[in-house]
Amino acid sequence: MAKTIAYGRTSTNKQDLGIEVQLEAFKPFKPDKIYTEQVSGRKEDRKELNKAINCLETGDTFLIYRIDRLSRSVRQLINLEADLRERNIHLKIIHENIDTSTAMGRLIFNILANFAEMESENTSIRTKLALQQAKKNGVILGKKRIDEEIEQKIVDMYCSGSYTLGEISYHCNVCLKTIYNVRKRNNLLTRN
């Protein structure tokens, strides 16, 4: 008996609403199983996507919300669609109303695959330009460095040899990674 397998994806774990929207859109199709994950659409090896594709059999339907939820790479999208078609599995995309079981559906899929990749590249370019402009404007990118007084307190406590790294972390209200970074910046890799 043919089944419907759904796959939902967002790029980050801050996009919970995006997953909820996809899950809601799947409901009318009554999928037998839903796989979701939070990972970049550019990444080719995605654990939940692989699980979803591997459980599909001849005659099944693979359901996704939008084409860019499947991937943002034309090559990957075309390869996935071709693989599904060879296995006689239908790809149904809700938002764009695409069903690759028809010639027109496959044509629209291929056109939209190019748009998905173009949008991904444009987003990347805009992000890089914004970061460059911020840097030119004097914005310091990356994590904010800790206060000089706290750094000195860490150095003093570390050099005293009376405190464990955990105790220094607790008293200075910083994580262990910060202590390691302070140690490295101040050439304190070994205690005196």
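For this structure, a couple of remarks:
- Of all residues in the stretch 123-144, none that is surrounded by 10 or more Cβ atoms within 10 Å (Cβ to Cβ) has its Cβ atom under 7 Å from the Cβ atom of a residue that is β-branched (V, I, T) and not in a helix (DSSP H, G or I), 6 or more apart or on another chain.
- Hey, T100 under 30 Å from R9 (Cβ atoms), free of Cβ contacts under 8 Å to residues at least 24 places away in the same chain and in contact with a Phe, Trp or Tyr (Cβ under 8 Å, 6 or more places away or on another chain) or not: yes
- Pairs where the first residue, in the stretch 163-192, is in contact (Cβ under 8 Å) with a residue 12 or more places away in the chain and the second is loosely packed, with under 11 Cβ neighbours inside 10 Å, C-beta under 9 Å, 6+ apart: R183/L189; R191/G161; N192/G161
- Beta carbons closer than 6 Å, at least 6 apart along the sequence or on distinct chains, pair a first residue in the stretch 41-53 that is touching a residue at least 24 places away in the same chain (Cβ under 8 Å) with a second that is hydrophobic (A, V, I, L, M, F, W, C) and part of a loop (DSSP other than H, G, I, E, B) for R46/V39.
- In the stretch 59-81, residue surrounded by the fewest Cβ atoms within 10 Å (Cβ to Cβ) [restricted to those that are at negative phi and over 24 Å from the mean Cα position of the chain (by Cα)]: D60
- Filter result for K92 (touching a residue at least 60 places away in the same chain (Cβ under 8 Å) and either assigned by TED's automatic domain parsing to the domain that holds K27 or farther than 30 Å from L49 by Cβ (or both)): yes
- Residue count, the stretch 121-168 (criterion: of a type in the set (S, T, Y), part of a helix (DSSP H, G or I) and at pLDDT 90 or above): 2
- In the stretch 79-109, the qualifying residues are those that are in a helix (DSSP H, G or I) and basic (K, R), and the one that is modelled with the highest pLDDT is R85.
- Residue check, L112 surrounded by 14 or more Cβ atoms within 10 Å (Cβ to Cβ), within 29 Å of the chain's Cα centre (by Cα) and in a helix (DSSP H, G or I): yes
- Residue within the stretch 28-38 that is more than 12 Å from the chain's Cα centre (by Cα) and crowded, with 22+ Cβ neighbours inside 10 Å present: no
The values are calculated or read from the model by the stated rules, or taken from the named source; none is laboratory data. All of these numbers come straight from a predicted model, not from anything done at the bench. We place every Cβ from the backbone using ideal geometry, glycine too, and count neighbours over all the protein chains shown.
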